[in-house]
Every structure is written in structure tokens, then in C-alpha cells.
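Asks: Quick one: structure below, then a few questions.
The values are calculated or read from the model by the stated rules, or taken from the named source; none is laboratory data. Treat the numbers as computed from the prediction; the structure is a model and nothing was measured. Virtual Cβ from ideal backbone geometry, glycine too; neighbours counted across all protein chains shown.
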Amino acid sequence: MEPGSLNDHHRFTGYRRRLIEEIRARGIRDLEILQLFDDVPRHLFLPEGVWNRAYQDAPVPIGYQQTASQPSLQALYLTILHPRAHERVLEIGTGSGFLTALLAKMAERVYSVERIRELSARARKALDALGIMNVALLVGDGTIGWRKYAPFQVVVVSAASPAIPGALLDQLGDPGRMLIPVGSKDAQELVLVRKEEGSVVVEPVRAGCTFVPLLGRFAWRDEIPGGGQ
Ligand code: SAH
């Protein structure tokens, strides 16, 4: 079946509704955000071999040792950050591209950086299949951001970082807001960073998250597979 065909889009409708119920049960009540999980078919962003898990509220492996994040956690990201139709978003860690698509439905434009070329290419295919055009993708090291299009009103980091990369803070607009999991490679705390009138406020939002590591110049070095610092 052609990915993105109407038939394909509706194939998992029942499962999508159930997923939305699960996300609701986890405390996400924003109808605009819940609706997005119905509008954007997650399976199209995943390898076909894991389509049977596309509508479970769980992380899913997408190859290259990476995982697509848990949908309810992504819903939490959207609830906290709530990008507006006139805002630009910088996303670090395109991965499957599913969150990219959700962000693109809310924001003016999404600039998303991914270090693994194949994942970025797959995300582009899915976005194209759904006619989502307001996304710019870059293959590279997201710890240095995407200076050309800064400042961004919203910055979304989808991989675990030992600290808040300075370049991302620099490229965050004022006012601006960023969500980033900060901690060790094994466990992180989701942190909300707000820039307001020249000052920066950092506030923990949720403990006990586990993201894949952010690998790059201002996070964990690329060349130490699985090793600590
Ligand atoms: N929101 C995505 C999350 C993917 S996992 C999804 O739900 O699919 C995090 C992604 O960050 C992985 O694809 C990984 O390759 C990428 N990543 C890790 N370090 C990076 C870096 N320095 N720059 C850009 N992407 C990075």
C-alpha cells in the first residue's frame, strides 16, 4: 500500500482513538493537542516492522539505536511549550519526525536538526506524504543549533543532555521557552528554560525521564559509544 494514501491514513483509526484516550488519562486535556494525535498518523513515521506498536503509548525503536519518544511525553512537551501559529520552533533530534509533524501543525515553521542522515531522510518522506510543508530539516550536530534562522521562540530538545548547550540558549528568543531533558545517560529530569527580559529561569518539570543521549560537540562526545564522561 502507498504510504500516505487515504486508505492507509484511516487504517489505524480505532487504535489512534485508543491512544488519545491513554494520553487523556495521563492528564493531557488540551483538545487541540489531543486532536493532533488523530490528525497525524504515527505509523507513517515508523519502520513498517513496528507499525503494530505505533499506537501504543510507548517508545518505539526506529533503527540506528534510536527510539521514537512516548506519545504522552510528546503531548506533555506540546502542552507546556504550546507553539503558536506565528512562532518558529527549533527541534533538536528529528528522529522519526512525528513530533516535528505535530509541532508543524501548531507553529509557523519548524527547523529540525538530526545527526543521522537516514532518519532525517525518512522523516522528510513521511512529512511530504502528509503534505506538511513548513518544516526545514538539517543533518548535523544540533548541540550547536541552527544559527542561520535564530532566534526561535520555542526550542525542543528530544535527546538527553548533560547540561543546557550554550548555543541553544543563545539562539532562544526573548521571550522564549525551551524543554530539554538534563541529567546522566541513564536518567534525566525534563527542564523548562524560559528567557524573559534578558533573564533566564530554569524550572524542573518532570523527573525520571529516559531519552537517548544527545551526541555532539556540546553534549556527549560522539566517539565514545555507550561510555560515560
Ligand atoms: N522526537 C523524536 C525523538 C527521537 S530520539 C521522535 O519521537 O522520533 C532523539 C534523536 O536525537 C535521535 O534520532 C538521535 O539521532 C538524535 N540526536 C542525538 N544527538 C543529536 C545531535 N547532536 N544533533 C541532532 N540530533 C541528535
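Asks: Among the residues of segment 26-46, are any at pLDDT 95 or above, within 13 Å of the chain's Cα centre (by Cα) and under 20 Å from PRO213 (Cα atoms)?
Replies: Checking segment 26-46: not a single residue is at pLDDT 95 or above, within 13 Å of the chain's Cα centre (by Cα) and under 20 Å from PRO213 (Cα atoms).
Asks: If ALA136 passes every condition in (1) more than 19 Å from SER96 (Cβ to Cβ); (2) surrounded by fewer than 24 Cβ atoms within 10 Å (Cβ to Cβ) but one, which one does it miss?
Replies: (1)
Asks: Being in a strand (DSSP E or B), free of Cβ contacts under 8 Å to residues at least 60 places away in the same chain and away from the ligand (no atom under 12 Å from the Cβ) is the filter here, so list the residues in segment 78-110 that pass it.
Replies: First, the residues of segment 78-110 that are in a strand (DSSP E or B): 88-92, 109-110.
From what's left, free of Cβ contacts under 8 Å to residues at least 60 places away in the same chain: 109-110.
Hit for segment 78-110 is ARG109, nothing else.
Asks: In segment 38-59, how many are in contact (Cβ under 8 Å) with a residue 24 or more places away in the chain, within 13 Å of the ligand (Cβ to nearest atom) and not in a loop (DSSP other than H, G, I, E, B)?
Replies: Of the residues in segment 38-59, 4 are in contact (Cβ under 8 Å) with a residue 24 or more places away in the chain, within 13 Å of the ligand (Cβ to nearest atom) and not in a loop (DSSP other than H, G, I, E, B).
Asks: Kindly provide the set of residues from segment 114-151 that are in a strand (DSSP E or B) and either free of Cβ contacts under 8 Å to residues at least 24 places away in the same chain or hydrophobic (A, V, I, L, M, F, W, C) (or both), ordered by number. Give the steps one after another, and end with the answer.
Replies: So in segment 114-151, the residues in a strand (DSSP E or B) come out as 114, 135-139.
Result: VAL135, ALA136, LEU137, LEU138, VAL139.
Asks: Return a yes/no flag: does segment 170-181 have any residue that is more than 10 Å from the ligand (Cβ to nearest atom) and in a helix (DSSP H, G or I).
Replies: The answer is yes; a qualifying residue exists.
Asks: Further question on the same structure: Is there a residue being within 13 Å of the ligand (Cβ to nearest atom), under 24 Å from GLY27 (Cα atoms) and surrounded by 22 or more Cβ atoms within 10 Å (Cβ to Cβ) anywhere in segment 160-169? It would help to see each step written out before you state the result.
Replies: Taking segment 160-169 and keeping what is within 13 Å of the ligand (Cβ to nearest atom), we get 160-162, 165, 167-168.
Next cut, under 24 Å from GLY27 (Cα atoms) only: 160.
If we keep only those that are surrounded by 22 or more Cβ atoms within 10 Å (Cβ to Cβ) too, we end up with 160.
The answer is yes; a qualifying residue exists.
Asks: Could you look through segment 188-216, keep only residues that are within 16 Å of the ligand (Cβ to nearest atom) and modelled with pLDDT of 95 or more, and pick out the one that is nearest to HIS82 (Cα to Cα)?
Replies: Checking each candidate, the answer is LEU190.
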